[in-house]
Each structure stands twice: as C-alpha cells, then as structure tokens.
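Engineer: Can you read through this structure? Questions will come right after.
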Amino acid sequence: MARKYSRKEYLSVKDLEKVLDSCKLNLHQIDEVWPNLYIGNVGIAQNRSALQNLGITHILNAAHSKRGSIGDQSYYGTSFVYCGIPADDSTHFDLDVYFKPAADFIHKALNSPGGKKSQ
C-alpha cells in the first residue's frame, strides 16, 4: 500500500517578517505578578527611588553572581532587605537548592510590615 506524504507548506521570508512585525510586545521593567509581589529586570532593580515609590521593601536577586551583579545589601542600604542567589546562567548550575530559601524569603517579606498579609 502506497503512503501519501503531504507536502509541508512554509511561509516565505516576507510573510514571516509580516508576522513578526505585527507582534506588539508590551515589555515592562517590572510587573506585579501577585498582590505586592513583583518581578522585574536589572533596570528597575538598580533604581532604588522607583522601588521605594512602589513600596518595595525586599529584593530577591535570582541573578546575583560575581560577574555583572551590582546589587547587594550594601548597595540597597537599610531601605531594603536583600537576598542574592549566586546563580550562573548555565545548564550545569543547580538552582533547585535555592527554591526553599527563596520561597522562605518571599513568605517572610509578604508577612512583614507593609507586606501583603499585614495590610
């Protein structure tokens, strides 16, 4: 019995460009992902006045490493509580060991004065 193979249809480069150009991404430096829980990029993490204006009191840096990380407790002073995870952007880095400490830090932050549960 002969098999029928269907020919795959591919978009042309011009059609792909139209699809990509029609995408509108709303990228923000920071987003509230849960009440009083934000996720942000390096730009907002280094803007202490913006963090204070948002009422942020705790910083969890999941990219704290020896290379390229500006923030630590001395950078944020007494205005913020800082926790840095010394992660490397590599497939060999074991991030699992930091899940519980990170979750504990977030839980403590949300239960602190100004946190979600205290309001």
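We did not get these values from a lab; they are worked out from the coordinates using the rules stated. Computed from a predicted model, the values in this text were never measured in an experiment. Every residue, glycine as well, gets a Cβ built from its backbone with ideal geometry; the counts of neighbours run over all protein chains shown.
Engineer: Estimate the FRET efficiency between D15 and V42 by the formula 1/(1 + (r/R0)^6), using the beta-carbon distance for r and 35 Å for R0, to the nearest 0.05.
Structural biologist: Once the sixth-power term is evaluated, E becomes 0.50.
Engineer: With no solvent and one equal point scatterer per Cα, compute the Debye intensity ratio I(q)/I(0) for the range 33-114 at 0.17, 0.25 Å⁻¹ and report its log10, rounded to two decimals.
Structural biologist: Relative scattering, expressed as log10 I(q)/I(0), comes to -0.71, -1.44.
Engineer: Taking neighbour counts of Cβ atoms within 10 Å as a proxy for exposure, in what order, fewest first, do Y10, Y75 appear?
Structural biologist: Y10, Y75
Engineer: Here's something else I'd like to know. Within a 10 angstrom radius of the beta carbon, how do H92, H28, H64 rank from fewest other beta carbons to most?
Structural biologist: H92, H28, H64
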